[in-house]
1. If R₀ is 25 angstrom, what is the calculated FRET efficiency for the pair B:Asn422 and A:Leu307, using the beta carbon separation as r and rounding to 0.05?
2. Using label points projected 7 Å from each Cα along Cα→Cβ, tell me how many nm separate B:Glu333 and B:Lys445, to one decimal.
3. Would you tally the net charge around A:Gly52, using a Cβ to Cβ cut-off of less than 14 Å, leaving A:Gly52 out, and scoring K and R as +1, D and E as -1?
4. Put +1 on the Cβ of every Lys and Arg and -1 on every Asp and Glu Cβ in chain B; which of B:Ile486, B:Asn67, B:Met355 then has its Cα farthest towards the positive end of the dipole?
5. Could you compute how much accessible surface B:Tyr248 exposes when probed at 1.4 Å, giving the result in Å² to the nearest 10?
6. Could you tell me the relative contact order of chain A? Use alpha-carbon pairs under 8 Å, at least six residues apart, and round to a whole percent.
7. Lys and Arg at +1, Asp and Glu at -1: add these up for the other residues within a Cβ distance under 9 Å of B:Gln72 and post the number.
8. Leaving out ligands and nucleic acids, note down the accessible area per residue over region A:133-181 with a 1.4 angstrom probe, in whole Å².
Amino acid sequence: MKKKLNVNSLIKVGPLALLCIVTGIINPVFFSSSNLIDLARSISFLLIVSVGVTYVLLGASLDMSIGSVMGLGGAICGLCLVNDWPVWLSIIMGLLAAAVVGIVNAVLIVNCQIPALIATLGTMYVARGIVNVLTKGEPYYPLPDGFKAIGQGTLWSIPYSVFIALFIVIIGHFVIKKTPYGRSLMAVGGNREASRVSGINVKKILFSSHVLVSLLAGFVGIIMAARLSSAQPNAGEGWEMTAVAAVIIGGTSMYGGYGSVIGTILGCALMETISNAMVLLHVSVYWQKITIGVIMVAAVGMDTFRLKKIAAR
Amino acid sequence: MAETVLKMKHITKAFPGVKALNDVCLEAYKGEILSIVGENGAGKSTLMKILSGSYACDSYQGEIEINGKKVQFKNTRQSEEAGIAMIYQELNMHLDLNVAENLFLGRWGQFGKNIQWNKLHKAAESYLEMVQLDVDATEILRNLSASKQQLISIARALSSNPQILILDEPTASLTETESKRLFEIMLQLKEKGYTCVLISHKLDEVFAYSDRIVVMRDGCVINSHERSEFDQGLIISEMVGRKMDNLYPKEEVPIKDEIMRIENFSVPHPQNARKKIVEDVSFQVRQGEILGIGGLVGAGRSELVNAIFGIIEKQSGNIYMQGQKVCIRNPEEAIRKGIALVTEDRKVDGFVGGMSIEQNITLASLKAITEYGMIKALKEKKAALRYFEELKVKAPDMDVHLNTLSGGNQQKVVLSKWLMTNPKVLILDEPTRGIDVGTKYEIYKIMVDLARQGMAIIMISSELPELISMSDRIVVLSGGKVAGEIPGKEATQEKVMELATGMAM
């Protein structure tokens, strides 16, 4: 059992290490401290929201609205800030807006039993639409310095967001591994009916996972606004695919009940390193989407293959 | 001796870590019903998967001959072309296509590029006639009963013009009468020269209809018996590898106070809200008692217990635990009130396949192993280990995933899960379906032990010998209503069937 685990994590770390080395040899800028810090920051952004995506996928659900929720969280927070609300209250308002989308998602999926893909594609459009209506397509700025510090400040020259991401990862990992909630979530993802019959409140578990992912997405949206010194109307576009791909590459199953937050760290690191490397290697940005698409399908393919192998036993 | 149709020679198949088949030789003759019996994991299904081409010819050693000619199957299609038709345990047909379309699924091409439906329907009718099924070829499959669907899967197998029919647990979801009809059809097919290979856990069927029985154990063929020399005791002891004098270890234990009473239970029909699938059912069960619930499939037995447990909604009715009226709206509340339910289809809602044995055992009692909001690993291991050992689950350790266990061991884990919740009333819905003889015996033993400890047990069973031998009292349902109650000692198969079918037999 132990041995197998090591081999598995090696398989995931291998390509990442190889990518770093190759990129570093071709363009030594890769290993410069400023690039590594940039990379760490972008990994931390993706990681925060991906922890939430891990929870949703573990419960055998899906959320495609996270990119829009990031935009909405940032926009609401920015709107409050440009109207001179205090920073703390603006952040809470941004999170609240994100939570509302999460609750709507949860009600649609859990209570109305609309397929998660369709429900969240719907809220993805609605949330982005609200952002556009509010901002009229223009970013909110200038933002106060006290707020910008959240996204731009550093400790020992490491961005705050890296510490925040680490904190969320540790909590996220701990909850999955050690608490009845985490165990129940894994069970619900593995077999929803059996979990219900075993006395687990399936609706509560799924509901909370959807609210959680939206909160984390809204939070990243806010940090991103702080980082960019402005709340952009198109912030977070396409992140749903990147995050889902990262989580699946990290070994969490599309079909629920299998995976880990630790794996998600690797998945996020790989995804962000790829896009960083593509910039450094002067690959056209237009190729990035193609790469993400291919990686995503390949990762899901491997996941499906794994399940088939289990079923064949 | 009739001519040999099939010869499997020295078949050896290994999976990582286990030899599933070890030098197996098997022959089948024209026009016979050959039964292969053995406990789960004996290698029956593996052998049949080799024969049907599910395992490609390069994944095992050995040879297969059909009509004296050596054959090699790379896939199921080649096996089908060689005259072998497999009828699987689970129906694998399209419920929303009609009967004729299902019969020729994948072979519609033989009716022209633009399918000539008239021809297809006519051809379908001729095969339906062979299985004596009086349904319209354009009927949608979903609208037909389980037994009719099963017959259609046989008709489909026949339509590929086979010499050998393999039936894997064909009666698993059929009632006694429906099974009887299926076997009558098998006897007729045999007369027409088909060879039927039957795999079944229901030994009474095997003894009643087989011409020959081959016993397998641990991947080897142990013995072959001709019909004239069938000896039930000998065959069972060959299957389990030890002598078994009694299939049902029922013991008398003192029956004490009433523990649960159900009054006027009604449950709406899942497909038709105006109809009731359970209507005005009342019964009570006492400490130490094993209460059997009999009836045909569709009589509302599972729906009744599912509604008691809060899995499906009831229309009306009350539950009293030890005289106190209780309200149960979901399984969580049922568990808290001291009820446990081993559901009918463990794969669907009995266990989480991707989780370990340990995690499955503790799944319904997470609160008991949690301290300060955290699951205590040691406490969990200790609690699970107790049942793992008590129920003798066969697995290398408790980290093994449920997916990889045999049906009998999965059932033991499900049972462990419910015992850990400390129930006062244990409801078992078809507890031994698809489980081998040895494990069945162990499960009966556990039931008796639990009854002796003062638990009340309710058991739904379609297997009449089991129902009659294990129950202290039998309530028979028919059409959703209580048709009658029989004390265990007076119960006979005829009496139960009489009540279940609502007619004198």
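The values are calculated or read from the model by the stated rules, or taken from the named source; none is laboratory data. Owing to the predicted nature of the structure, the values given are computational and were not obtained by experimental measurement. Using ideal geometry, Cβ is built from the backbone for each residue, glycine included, and neighbour counts are taken over all protein chains shown. All accessible areas refer to the heavy atoms of the entire protein, side chains included, with ligands and DNA or RNA removed. Shrake-Rupley method; radii C 1.70, N 1.55, O 1.52, S 1.80 Å.
1. According to the calculation, E is roughly 0.10.
2. With each label placed 7 Å out from Cα toward Cβ, I get 3.9 nm.
3. Once positives and negatives cancel, what remains is -2.
4. B:Met355
5. My reading of the accessible area for B:Tyr248 is about 40 Å².
6. 32
7. In short, 0.
8. Each residue of region A:133-181 exposes 60 Å² on average to a 1.4 Å probe.
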